[in-house]
Amino acid sequence: MSTSEIRRHLDEPAGAERPLSDWALNAVATVVEVVGSDLLANKLRELGVIPGAQLRIVHGGVNLIIQIDEGRFAIRRRDATAIRVSAAPAVSRANSDGQPVPAHA
């Protein structure tokens with residue numbers, strides 16, 4: 001991925017949807033849906049890849065290392081194409097429980 005492509009990903013508005021395999025390194029994304037085989041979708045669901053989950057790619061290459069909350073797992077880039085993501089909403093502050101509050105709330 002070129003530098004200009006990475007910049008575009010970081011500047012995308014919330015709702016711009018694309019495969020996780022095309023997402024920029026370290027950019028937070030929100031899972032929109034998982035497409036493809038039931039077997040792959042079930043395995044990903046067990047790892048926490050469900051609609052609404054926020055994740056990021058912490059290492060790229062042929063295989064990707066994905067982080068969701070405090071957990072990390074490796075996935076083949078071709079399997080990452082089945083994960084549709086969009087830009088995570090901006091977080092401006094935390095609530096009294098320490099949970100992030102979207103900027104528009």
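Considering only Ala82, Gly60, Val35, and ranking their Cα positions along the charge dipole of the stretch 3-89 that arises from unit charges at the beta-carbon of Lys, Arg, Asp and Glu, the one farthest toward the positive end is Gly60. Phi angles across the stretch 52-65 convert, under the Karplus curve 6.51 cos²θ - 1.76 cosθ + 1.60 with θ = phi - 60°, into 3J(HN,Hα) values of x, 5, 9, 8, 8, 8, 9, 8, x, x, 4, 10, 10, 9 Hz, Gly and Pro given as x.
With the highest mean first, a sort of the peptides 81-88, 70-77, 49-56 on other beta-carbon atoms found within 10 angstrom per residue produces 81-88, 49-56, 70-77. Using only alpha-carbon positions, what ratio does the radius of gyration of the stretch 3-89 give when scaled by 2.2 N^0.38 Å? Normalised by 2.2 N^0.38 Å, the Cα Rg of the stretch 3-89 equals 0.98.
Each reported figure results from applying straightforward, stated rules to the coordinates on display, with no laboratory input. What you see is a predicted model; the values in this text were computed from it and never measured. FYI the Cβ positions are ideal-geometry reconstructions off the backbone, even for glycines, and counts take in every protein chain you see.
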